[in-house]
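Colleague: Once you've had a glance at the structure underneath, I'll fire off some questions.
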Amino acid sequence: MEIRAATVLPARREPIELHTADGLTLVGELAQPLDRPPVATLVTLHPLPTHGGFMDSHVYKKAANRLPALADLAVLRFNTRGTSSERGTSQGTFDGGEGERFDVAAALEYAEFHDLPRVWVVGWSFGTELTLKWAHDPLVEGAILLSPPLHRATDADLDKWAEFGRPLVALVPEFDDYLRPDEAKARFARVPQAEVIGVDGAKHLWVGEPYVRIVLDEIVRRVNPAASPLPTEV
């Protein structure tokens, strides 16, 4: 069977709640391999909720639908404060990336409390800003950025990640609306361990199955290289 955009492969999927230090309850889902423990964990941070971003943004939904089965990964998705999806609405209101520091911390605390292994943070657009600003936690093995705008995240945040020392991979679309590969390479040069990968033909939202496959392959190549490249059929 060819893996298509709507393919959902077997996994253990459960609704979860995250509890922030400032008293909010956030809704989410954890997907894990069906009959074995995960080898690593993706904590995903979604695009801008004021522009349609949420835990079901398509790359993350497809990651949860495929990667537990294909790459033995746990995929944790959740709605940041004030964000709604089919799973429900997280308490609170959008705070431009500041109050969301508590949301990031709550997701990482959930992963730690539930003994989820080898945590990598995957941020997309606004989620990359949250990653760079708030995810330099000792639990985190590394981070993967999809379409980083480097708008709210500043050079000071990049310097903090450089000091943090953990791997940082940025996938930058050739035709991104905000930051394109050449400029991204210049901006990320201040992070010695950063790797910037320009993706030919891609746009900010990674629309189209070929681009989704590139993203998921690049994630798996870093987080569980034994499962790379991902199959296109099952």
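The values are calculated or read from the model by the stated rules, or taken from the named source; none is laboratory data. Keep in mind the model is a prediction, meaning the values are calculated, not measured. Using ideal geometry, Cβ is built from the backbone for each residue, glycine included, and neighbour counts are taken over all protein chains shown. Accessible surface areas use protein heavy atoms only, side chains included; no ligands, DNA or RNA. Shrake-Rupley method; radii C 1.70, N 1.55, O 1.52, S 1.80 Å.
Colleague: Give segment 1-52 a look and list any residue that's open to solvent by less than 60 Å² (accessible area, probe 1.4 Å) and among the acidic types (Asp, Glu), or say none.
Modeller: Once the filter is applied, which keeps residues that are open to solvent by less than 60 Å² (accessible area, probe 1.4 Å) and among the acidic types (Asp, Glu), segment 1-52 yields only Glu29.
Colleague: Those residues that are acidic (Asp, Glu) and in a loop (DSSP other than H, G, I, E, B), I need them from segment 169-184; list them, please.
Modeller: Within segment 169-184, Glu174, Asp176, Asp177 meet the criteria.
Colleague: Output the residues belonging to segment 29-52 that are part of a strand (DSSP E or B) and within 21 Å of Arg81 (Cβ to Cβ).
Modeller: Within segment 29-52, Glu29, Leu30, Leu42, Val43, Thr44, Leu45 meet the criteria.
Colleague: Let me ask another. For segment 194-210, name all the residues that are part of a loop (DSSP other than H, G, I, E, B), over 16 Å from the mean Cα position of the chain (by Cα) and under 17 Å from Val122 (Cβ atoms).
Modeller: Scanning segment 194-210 gives a single hit, Ala202.
Colleague: I would also like to ask the following. Just to be sure, is Trp206 touching a Leu at 6+ places or on another chain (Cβ under 8 Å) and crowded, with 21+ Cβ neighbours inside 10 Å?
Modeller: Answer is yes for this residue.
Colleague: OK, next. In segment 36-75, which residues are closer than 27 Å to Asp177 by Cβ and aliphatic (A, V, I, L, M)?
Modeller: Leu42, Val43, Leu45, Leu48, Met55, Val59, Ala63, Ala64, Leu67, Val75
Colleague: Would you check which residues across segment 1-28 are of a type in the set (Asp, Glu) and either part of a loop (DSSP other than H, G, I, E, B) or in contact with a helix residue (DSSP H, G or I) (Cβ under 7 Å, 6 or more places away or on another chain) (or both) and list them? Write out each step before concluding.
Modeller: Restricting attention to segment 1-28, the residues satisfying the condition of being of a type in the set (Asp, Glu) are 2, 14, 17, 22.
Within segment 1-28, Asp22 is the sole residue that qualifies.
Colleague: Does segment 105-116 include one or more residues that are in contact (Cβ under 8 Å) with a residue 40 or more places away in the chain, among the aromatic types (Phe, Trp, Tyr) and either open to solvent by 60 Å² or more (accessible area, probe 1.4 Å) or closer than 18 Å to Met55 by Cα (or both)?
Modeller: yes
Colleague: To continue, here is another question. Quick one: count up the residues across segment 122-156 that are surrounded by fewer than 18 Cβ atoms within 10 Å (Cβ to Cβ) and under 18 Å from Leu179 (Cα atoms).
Modeller: Going through segment 122-156 one residue at a time, the tally reaches 5.
Colleague: In segment 53-90, which residues are surrounded by 20 or more Cβ atoms within 10 Å (Cβ to Cβ) and assigned to a strand (DSSP E or B)?
Modeller: Residues satisfying the conditions are Leu73, Ala74, Val75, Leu76, Arg77, Phe78, Ser85.
Colleague: Could you tell me whether Asp217 is in contact (Cβ under 8 Å) with a residue 24 or more places away in the chain, touching a Leu at 6+ places or on another chain (Cβ under 6 Å) and within 20 Å of His46 (Cα to Cα)?
Modeller: no
Colleague: Something else: Please name all residue pairs, on different chains or six or more residues apart, with Cβ atoms under 9 Å, provided the first residue is in segment 1-17 and is more than 8 Å from Arg66 (Cα to Cα) and the second residue is of a type in the set (Ser, Thr, Tyr).
Modeller: From segment 1-17, the pairs are Met1/Thr7; Glu2/Thr232; Ile3/Thr232; Ile16/Tyr110; Glu17/Thr25; Glu17/Tyr110.
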